[in-house]
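Encoded as structure tokens, the structure appears first; notes follow it.
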Amino acid sequence: MAKETDEELVNMIKSGGPAREKALHRIYTDSNIREKIIAMITNNNGNQQDGEDMVQEAIIVMDKNIREGRYRTEGNLQSYLFAIGKYLWMNQLRKKKPMLKGSFSDLEMTGDPDEPDHFLLDEERKMKLQAILSRLGNRCQEILSLWQLSFSMEEIAAQLKLNDASTARKAKYDCQQQLIKLIQKSSLTKSDLT
């Protein structure tokens, strides 16, 4: 049997009933996306069971977003599901460890990860950036995280219960300006940010 396209899967979910169940089952049993989400989580302070749980939670959120018309069809369904899984895992880590505010270290490492000096410098840079990010309010952190995960302004507005995309865009701009001011006031140099 031929595999459904993203568009077909989205339409099946929107139609509800048995078609929706079939589409969700196809997505849930897609080993490619499951492995990507689980690998991302096991590489970032999680285990196999955490990964399995995040796959399920990400599919639930994706299903809800599609049925409520918040999914942008120009994107890839797998990438969208991965972004949801990453966002959910970041939130879970923040709840467990309130000091964790930035992105995942393993996803952002550059250079040779086996070099101890590189690792220490990279961790020091991340700690400096996390300290600055932690000075932003929770709302700004959430807005910038969603934006970084390629959520549309409409999706950000819906997620944060803002009036509309224009309000979300203004809030994102304000948060970026706050972050820029915090960086300028800090002792970070340009090399710390690259």
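The values are calculated or read from the model by the stated rules, or taken from the named source; none is laboratory data. Not measured: the values here are computed from a predicted model. Cβ coordinates were reconstructed from backbone atoms using ideal geometry, including for glycine residues, and neighbour counts include every protein chain displayed.
Does segment 19-39 include one or more residues that are under 22 Å from E142 (Cα atoms), touching a residue at least 40 places away in the same chain (Cβ under 8 Å) and buried (at least 18 other Cβ atoms within 10 Å of the Cβ)? The answer is yes, given that some residue of segment 19-39 is under 22 Å from E142 (Cα atoms), touching a residue at least 40 places away in the same chain (Cβ under 8 Å) and buried (at least 18 other Cβ atoms within 10 Å of the Cβ). Annotation: I66 fulfils all but one of (1) in contact (Cβ under 8 Å) with a residue 24 or more places away in the chain; (2) not in a helix (DSSP H, G or I); the unmet one is (2).
Of the residues making up segment 17-42, those that are touching a helix residue (DSSP H, G or I) at 6+ places or on another chain (Cβ under 9 Å) and either among the β-branched types (V, I, T) or at pLDDT below 85 (or both) are I27, I33, I37, I38, I41, T42.
Annotation: R135 fulfils all but one of (1) out of contact with any helix residue (DSSP H, G or I) (no Cβ under 8 Å at 6 or more places or on another chain); (2) modelled with pLDDT of 80 or more; the unmet one is (1).
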